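Student: Before I ask anything, here is the structure I am working with.
The values are calculated or read from the model by the stated rules, or taken from the named source; none is laboratory data. On a predicted model such as this, the values are computed, not experimentally measured, just so you know. Reconstructed Cβ throughout: ideal geometry from the backbone, glycine too, with neighbour counts over all protein chains shown.
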Amino acid sequence: MAAPLITALEIGTTTIKVLMAEVREDGGLMVAGLGECESRGVRKGEIVDFELALEAVRRAMEAAETVAHKSIGESVYLAASGGRAESLLHIGGIPVLNEYDEPGGEITREDIDQALEVARKIPLSDERIRLHTLQQNFEVDGRGGIVNPERMLAEELRVGMLLIHGQRAVVENLKKLTENVPVVCADAAFGGFCSALAVLTPEQKRAGVIVIDLGGGTTDYIVFNAGLVKLAGSIAVGGDHITADIASGLNLNRRQAEALKKDSGSALINRLQSDQNISIPAEGGFSGRVVRAATLHTIINTRIEEMFKLIADKIEHDGLSGQLNAGVILTGGGTAMEGIADLAQQVFNAPCQIGRIYDCVGLSTKQEGARFAAAIGCVRYAASQIKPADPIRTVWKVWLSKLWGGNHE
Amino acid sequence: MSETKKILVLGLGGAGCNTLARIAPRAPEGMEFAVMDCDFQTLENCTAIENRVVVGKALTDGMSTGGDLEVGRRCVESSTGQMEALLSGVDLLIVITGLGGGFGTGAAPVVARMARGFGATTLFFTILPFPFEGIVAQGKAHSAIRRMRTYTDAIVEMPNALIQPDGDILLEESLERSSRILGAGLIGLWRLLACPGSVCNLDFTSLHTMLSSCDAFCRFACATATGEGRADSVIDSLLAHPLVKGSGIFEKAPGMIIGITGGEDLKLCEVQQIVDSLTPKSETCWVKMGIATDPAFAGRISVIVLAAEAWKEPMVDDGHGGLKSAAGNGKQGELSSLLKPRSKSFGDAERTIWNGEDLDVPAYIRRKIKLPR
């Protein structure tokens, strides 16, 4: 019997992607179906027109089903970009007691479970919704970096939890959209986290790495260090902003600006090209015009550099800038911009590359792959959630998964 | 014929039209003026100017914008034909406009952009509202300037509070005085550029160098003096000019244009004294001067100074992330989002506010980068 087919749905600002894939036993992915549809009614990862967006999702799903020759089934996993995601580190701890209920003793399995539960209880305002709760290393009597504290002697056991939370209204609306398709939304995952799962190897996660997903309406980032997620977030600025900047700076309409960005855009201001002129063809009432490459590249460079700097500032602020030995990995549609990796290298002062999906068969080219990172990662995330095939433990695991990474309210 | 450069002085909106209406009757022959508004009434009052352009007739039906800068913007954008007729062939466009209201505030950035499209060098004299006109008017003016600086070559900010004299004087007199301050400067500048009688002509290219390198903001001062010790007194009144007083601009300006007009009795030592005492001591300062003599100026000296607040090569790229100098010193978050015009580019999605900065506004505007042209 083949492994179950998992469907991931990514509702982006530019495109809606549906990916159906099997997860083999060794963790490798086998893409069965792929559907893509130009997104409508979505701005900055939020739904602004429900009906249009619903139509687009349905079309993408049909496309995927046609390719796969299979039906999507009942449930999908949602990769929510949604802008405005943030992470919050919360540290909770308990005193460790010995068998006479006196302070100081051997840490037991129960102590660990209790500490984890305390740490998980993170107060969140009503406007926010938790997407992931990710465990950090344990801290025993103030000594950090402990992976498994069981049977250690201690007086206090503390553990950190990194909570990734998004805007409730945005995520709920995305879920509601899938339910109107109609399919069940099994879980919603943070898009940036998914992208990281798709492109990062365990070595990179250990060495320290930033993954930046450059979407159409949002830019997600996530920072790994020592194998754990240290920081994550999302800025509601994306490729659409670059297009809007070009449109206003060069006085073009959106479609012309988009075409200009795709054909002649560059994230770097290249001296050799700066004297070049780019002609914009005449059409309709527009009589055609010539713009300077230097102007175009300055507009793009300013926007992307600012975007990277905002992320770099955040990383610096959290004291993580010195711990990124594996550098910067870029994913998402924005990676098609010329020179973007070089610009990221300048801003972050770290090696930078375009992400490549590892251990996955069935995708056409590598470049195509970087665009599908979030969807692929979402399948991988889903597989990690439903892995236990042991029927006896399923109920327990479902409960646990709800606590851990679930989308429970 | 084509050797002389075409200079057009354009009054935009209520304040701009009224100011020009006061200046125009005193202007020398050959100086070209135009006024533009969407309000018939304002233009009717400008009897001294022949070239009166009504824009946006379909939008406002000849009435004012009612303080809505969005209407002002659309008025100009919808009148491409009229703008082309007005601006094509113009080499230097000098615009006088009041910011903080409807038409001028909305139209100025569009006019700047169009003028650049027609290849004109642009110099904007912007009259900023009084503090008592309220925070909303101030905010509108500031955001208009931020939008303008991308396309204009130079902006001279003239806060009303500085150019209107203090004290117990009649409103009419106060307006007359402030428009004389501006008028004298404008005419002086025009004379230096256009008059064939100049001894040491301030050529158009020098002005262009100045304007395109001044990183968008300029200070402007002018003064006239007569009689004994006129050189001393002209220097004193320049230093005390309301638009430069207390700014220390003469000590630190990285670039400066000095224009001196005198009668046939102008002496070299006077010129030397004036230039010496006005120019900064810095060796890197870019100074260009022009001297004109005119029999009508017998016994008088008139000096105008245009000083750059910052100096920057017009090309902003240096090949490797060299935009850093342009960013970073910006006053961020100076406007509440309430005052910013809502952009409709991102549907109804919530604005992206990050550390008090509105990221939906194009990055090159917020980072104060002048686009290479």
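Student: Could you tell me how many of the residues in the stretch A:46-66 are loosely packed, with under 14 Cβ neighbours inside 10 Å and not in a helix (DSSP H, G or I)?
Tutor: The total comes to 0.
Student: Somewhere in the stretch B:242-256, is a residue more than 29 Å from residue B:128 (Cα to Cα) and either surrounded by fewer than 18 Cβ atoms within 10 Å (Cβ to Cβ) or at pLDDT below 85 (or both)?
Tutor: no
Student: Need pairs with beta-carbon distance below 8 Å; first residue loosely packed, with under 13 Cβ neighbours inside 10 Å and within the stretch A:98-113, second in a loop (DSSP other than H, G, I, E, B); sequence gap 6+ or separate chains.
Tutor: A:98/A:104; A:103/A:96; A:103/A:155; A:109/A:150
Student: What are the residues in the stretch B:354-372 that are facing chain A (nearest Cβ under 7 Å) and touching a residue at least 40 places away in the same chain (Cβ under 8 Å), if any?
Tutor: B:364, B:367, B:369, B:371, B:372, listed by residue number.
Student: Hey, another quick one. List the helices (runs of 4 or more DSSP H) that sit entirely inside the stretch B:64-119 and contain at least 2 residues that are surrounded by 24 or more Cβ atoms within 10 Å (Cβ to Cβ) and in contact with a Cys (Cβ under 8 Å, 6 or more places away or on another chain).
Tutor: Correct list: B:69-77, B:103-117.
Student: Using the structure shown, decide if residue B:270 is outside the structural domain of residue B:180 (by TED's automatic domain parsing), surrounded by fewer than 20 Cβ atoms within 10 Å (Cβ to Cβ) and modelled with pLDDT of 85 or more.
Tutor: Here the answer is yes, as residue B:270 does meet what is asked.
Student: Now, a different point. Going by the structure shown, is residue A:124 more than 30 Å from residue A:358 (Cβ to Cβ) and either touching a strand residue (DSSP E or B) at 6+ places or on another chain (Cβ under 8 Å) or small (Gly, Ala, Ser) (or both)?
Tutor: When the stated conditions are applied, residue A:124 passes them.
Student: Related question: Pull up the stretch B:95-126, narrow it to residues that are within 14 Å of chain A (Cβ to nearest Cβ) and among the β-branched types (Val, Ile, Thr), then point me to the one that is farthest from residue B:187 (Cα to Cα).
Tutor: B:110
Student: Moving to a separate point now. When you check residue A:150 against the structure, is it touching a helix residue (DSSP H, G or I) at 6+ places or on another chain (Cβ under 8 Å), in a loop (DSSP other than H, G, I, E, B) and over 29 Å from residue A:215 (Cα atoms), yes or no?
Tutor: yes
Student: Would you mind stating whether residue B:58 is in contact with a helix residue (DSSP H, G or I) (Cβ under 6 Å, 6 or more places away or on another chain), surrounded by fewer than 24 Cβ atoms within 10 Å (Cβ to Cβ) and of a type in the set (Gly, Ala, Ser)?
Tutor: No; evaluated as a whole, the condition is false for this residue.
Student: Go through (1) without any contact (Cβ under 8 Å) to a residue 24 or more places away in the chain; (2) in contact with a Leu (Cβ under 8 Å, 6 or more places away or on another chain) and name the single condition residue A:11 misses.
Tutor: So residue A:11 meets the others, but not (1).
Student: Just the residues that are under 24 Å from residue B:360 (Cβ atoms) and either assigned to a strand (DSSP E or B) or in contact with a Gly (Cβ under 8 Å, 6 or more places away or on another chain) (or both), please, taken from the stretch B:120-143.
Tutor: B:137, B:138, B:140, B:141
Student: Right, here's the next one. When you scan the stretch B:4-18, do you find a residue that is in a loop (DSSP other than H, G, I, E, B), touching a residue at least 12 places away in the same chain (Cβ under 8 Å) and basic (Lys, Arg), even just one?
Tutor: Yes, the stretch B:4-18 contains a residue that is in a loop (DSSP other than H, G, I, E, B), touching a residue at least 12 places away in the same chain (Cβ under 8 Å) and basic (Lys, Arg).
Student: Another question, then. Can you name the residue in the stretch A:1-45 that is polar (S, T, N, Q) and not in a loop (DSSP other than H, G, I, E, B) and is also surrounded by the most Cβ atoms within 10 Å (Cβ to Cβ) among such residues?
Tutor: Across the stretch A:1-45, the extreme among qualifying residues is A:7.
Student: From the list A:42, A:23, A:18, A:31, pick out the single residue that is more than 14 Å from chain B (Cβ to nearest Cβ), under 26 Å from residue A:169 (Cβ atoms) and touching a residue at least 60 places away in the same chain (Cβ under 8 Å).
Tutor: After applying the criteria, what remains is A:18.
Student: Turning to a different aspect of this structure: Just for the stretch A:362-390: of the residues that are at pLDDT below 85 and basic (Lys, Arg), which one is nearest to the chain's Cα centre (by Cα)?
Tutor: A:371
Student: Limited to the stretch A:118-147, what total is found for residues that are part of a loop (DSSP other than H, G, I, E, B) and buried (at least 17 other Cβ atoms within 10 Å of the Cβ)?
Tutor: Counting residues in the stretch A:118-147 that are part of a loop (DSSP other than H, G, I, E, B) and buried (at least 17 other Cβ atoms within 10 Å of the Cβ) gives 0.
Student: For residues that are within 8 Å of chain A (Cβ to nearest Cβ) and surrounded by fewer than 16 Cβ atoms within 10 Å (Cβ to Cβ), scanning just the stretch B:342-353, find the one that is modelled with the lowest pLDDT.
Tutor: Among those that are within 8 Å of chain A (Cβ to nearest Cβ) and surrounded by fewer than 16 Cβ atoms within 10 Å (Cβ to Cβ), it is B:343.
Student: Mind checking which residues of the stretch A:67-98 are within 14 Å of chain B (Cβ to nearest Cβ) and either in a strand (DSSP E or B) or out of contact with any helix residue (DSSP H, G or I) (no Cβ under 8 Å at 6 or more places or on another chain) (or both)?
Tutor: A:86
Student: Quick check, is residue B:262 crowded, with 21+ Cβ neighbours inside 10 Å and farther than 15 Å from residue B:288 by Cβ?
Tutor: yes
Student: Among (1) modelled with pLDDT under 85; (2) farther than 25 Å from residue A:195 by Cα; (3) of a type in the set (Ser, Thr, Tyr), there is one condition residue A:279 misses while meeting the rest; what is its number?
Tutor: (1)
Student: Quick one: which of A:166, A:191, A:160 is among the small types (Gly, Ala, Ser), buried (at least 19 other Cβ atoms within 10 Å of the Cβ), within 17 Å of residue A:89 (Cα to Cα) and touching a helix residue (DSSP H, G or I) at 6+ places or on another chain (Cβ under 9 Å)?
Tutor: Only one candidate qualifies: A:160.
Student: Are there helices (runs of 4 or more DSSP H) fully within the stretch B:170-283 with at least 2 residues that are among the β-branched types (Val, Ile, Thr) and under 17 Å from the mean Cα position of the chain (by Cα)? List them.
Tutor: B:171-194
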